[in-house]
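Just so it is clear, none of the values below were taken in a lab; they were calculated from the coordinates. Since the model is a prediction, treat every value here as computed from it, not as a measurement.
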Amino acid sequence: MKFKKKISCIFISLLLLNCSQTNNKKLPTLPNKTDIEIYKEAVSFSSKGIHKKSVIEFYKLIENYPYSKLSSHAEIMAAYSLYENNEIKKVIIKLNSFIELNPANEYTEYAHYLLAMCYYIQISKEQRDPSVTIEALNSFKTILAKYPNGKYAKDSILKIQFIENKLALNELSIGVFYLNNNAPGAAIKRFKSIIVDYKNSNLIPETLYRLYEAFLMIGLETEAKKSQALLIYNFPNSKWKKLSIDLLNSNKDDEEKGIIVSIKDYVKTIFD
């Protein structure tokens, strides 16, 4: 009997210990707010610029109400709050995941735009590494391809023009460096890429002038005149036109106009 009592005591002690440990654990609790209440609180934090707290609240909604109509909107708002908090890497990961899982969601268009902006705001002035700039360019082009009449199409066009100017400037700077270091062949390749890839850039007049310089340096006067003719015909008020005329010390614009008048034909005659 004594033995049975000992076993019984041990069993009760173990049971009480187990209950004590269970009570000390943090058991998952259901939220005491509805999805709408959590959403409103998250938006309130965001509007006040308290983005860390707004992210927490948006995630709380997503985790506790995954089937709520507000869930997908909360995901995008969480990404926006992270963006405003300058946590760009997290935003890029989140948006890529959202786009992949929700290709036809009502918020996917904005997800594409916010993703493009993540790359856009990282474009550096020095342009030493154009990889982020190219990512931004491709992202805005994706928006135009998928949503040509969408709400972000016009802004995407403006951003693309700006980015192409940045990339063209990068190529032009390298080309001019080669030109100044007596390497016209390498310079011509850089100038060619601007004419071919960024033909809408506002740097085309200077690029044509630099091509004119480069061809004269290696004794290709015919090709140099083609560059000058295109520059004179298409950009008659450009300072680069005057510089090209001064460089050759002659004013033959009327004679040269008939040689070539389009960038497309110019590329064919020189680079094909």
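Any of Lys52/Lys89; Lys40/Lys60; Lys189/Lys241 with alpha carbons more than 18 Å apart? Name them for me.
Those over the limit are Lys189/Lys241.
Classify the range 45-91 from the C-alpha gyration tensor, please: rounded if a/c falls under 1.5, else prolate or oblate depending on whether a/b exceeds b/c.
Since a/c reaches 1.5 and a/b is larger than b/c, the shape of the range 45-91 is classed as prolate.
For the range 175-182, in order, what is each residue's ³J(HN,Hα) by Karplus, 6.51 cos²θ - 1.76 cosθ + 1.60 with θ = phi - 60°, in whole Hz (x at glycine and Pro)?
Taking θ as phi minus 60°, the curve returns x, 5, 4, 4, 4, 6, 9, 6 Hz for the range 175-182.
Report the dimensions of the range 175-224 along its three principal axes from the alpha-carbon atoms, largest first, rounded to Å.
Result for the range 175-224: principal-axis Cα extents of 28, 23, 14 Å.
Once Rh is set to the Kirkwood radius over Cα pairs, what Stokes-Einstein translational diffusion coefficient, in µm²/s, holds for the range 33-122 at a temperature of 25 °C and a viscosity of 0.890 mPa s?
Translational diffusion coefficient: 189 µm²/s.
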